[in-house]
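Take a look at the structure below.
The values are calculated or read from the model by the stated rules, or taken from the named source; none is laboratory data. Since the structure is predicted, the reported quantities are computational estimates derived from the model, not experimental observations. We place every Cβ from the backbone using ideal geometry, glycine too, and count neighbours over all the protein chains shown. Surface areas here come from the heavy atoms of the whole protein model, side chains and all, with no ligands, DNA or RNA. Shrake-Rupley method; radii C 1.70, N 1.55, O 1.52, S 1.80 Å.
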Amino acid sequence: MKWDLFFQLLVNGLIVGMLYGVVAMCFVLIYKSTQVVNFAQGEFLVLGAWVCLALVTNMQLPFFLAFIFTLIFMVAFGIIVQTVILRPLIGEPIISVIMVTIGLSIFMQALMNWIFGNDAKRFPDVFGTTDVVNIAGLNVEVAYLLSLVLSIVIMGVFFWFFRFTRHGLAMRATAFDQQIAQSLGISVKQTFAMAWAISAMVSGVAGIVIGIVNSVSNSLAFVGIKVFPAVILGGLDSIVGAVVGGIIVGVLENLAEFVDGQYLQFGNLYTIAPFYVLIIILMIKPYGLFGTKDIERI
């Protein structure tokens, strides 16, 4: 057994899993606030990556400055999507809103294909000459370390925001009961817009990091599909569950790649393993590992 390869993939899985957890938190944030599952989350990642790359390559901006402008753009984009597209659907059946997010996903894919093309493009050398560092005998890409640091920072900011800020408490109150929140003077419309803005911004950060590690192309939207099992696995209404589910999916992907490459030789176990585990766990815990059990009278 190649233990060095095993531990290398395990570390990579933990780091990628943390990034999955961040994207999964965006799913949960929107669902807890608006009871909507955003099937265009993957396209939000791609948009953030493309915008940052365009600012760096076409406008010759330094990466840090392009990164800041991309965050501002994604915040504005999230607010526009919620205000123009989703706000008129308040009060409509949930399935109608979900279908709109699917339509938004298809529209964004077509628009980005038209604007940016289908070819994969790489970021310029962001970190200088050293792209890989050696930690305890394991080679870890600097971009992976960046994603790990950003993931931890974002998770800490999420905890602080929801626990100690006025807007975070308002968002939690709105997620619990919209009518009660309105009776307390909380603007539900403003809370919805804030949730979509934060989700778009964080998704943009994840898209930039993934684009640096691999390359930027519209196929990055598949990350949104890969993260969805993490959301369901941890519980659709649990921020902690989203993080745990993301880590589980990241580790499972890489361990499945190791087992498949060394022993089974299936060729696609890396892709399908998280979905098999998702089915097994949902058979035991239908609401996910940390999801809230919902009891309704019929």
Taking interchain pairs and intrachain pairs at least six residues apart, which have beta carbon atoms under 7 angstrom, with the first residue in the stretch 35-61 and free of Cβ contacts under 8 Å to residues at least 60 places away in the same chain and the second of a type outside the set (V, I, T) and open to solvent by less than 10 Å² (accessible area, probe 1.4 Å)?
L55/A66
Only listed residue being closer than 23 Å to T57 by Cα, modelled with pLDDT of 85 or more and surrounded by 13 or more Cβ atoms within 10 Å (Cβ to Cβ), chosen from F123, F127, F107:
F123
Hey, can you tell me all the residues within the stretch 201-219 that are surrounded by fewer than 24 Cβ atoms within 10 Å (Cβ to Cβ) and among the polar types (S, T, N, Q)?
N214, S215, S217, N218, S219
So I198 clears everything in (1) surrounded by 21 or more Cβ atoms within 10 Å (Cβ to Cβ); (2) at pLDDT below 90; (3) more than 16 Å from I279 (Cα to Cα) except one condition, right? Which one?
(2)
Counting only residues in the stretch 234-285 that are of a type in the set (S, T, Y) and at pLDDT below 80, the one most open to solvent (accessible area, probe 1.4 Å) is identified as Y263
Unmet requirement for G13, which otherwise passes all of (1) crowded, with 22+ Cβ neighbours inside 10 Å; (2) in contact with a Ser or Thr (Cβ under 9 Å, 6 or more places away or on another chain):
(2)
Looking at the stretch 222-271 only, could you name the residues that are more than 30 Å from D177 (Cβ to Cβ), part of a helix (DSSP H, G or I) and among the aromatic types (F, W, Y)?
F222, F258, Y263, Y270
Result of the Cβ filter at 8 Å on the stretch 275-294, keeping first residues that are within 10 Å of G234 (Cα to Cα) and partners that are among the acidic types (D, E) and assigned to a loop (DSSP other than H, G, I, E, B), at least 6 apart or interchain, is Y287/D294; G291/D237
Only one of T70, T101, T83 that is open to solvent by 30 Å² or more (accessible area, probe 1.4 Å) and of a type in the set (S, T, N, Q)
T83
Do you know which of the residues in the stretch 153-191 that are open to solvent by less than 80 Å² (accessible area, probe 1.4 Å) and in contact with a Lys or Arg (Cβ under 7 Å, 6 or more places away or on another chain) is nearest to G48 (Cα to Cα)?
F162
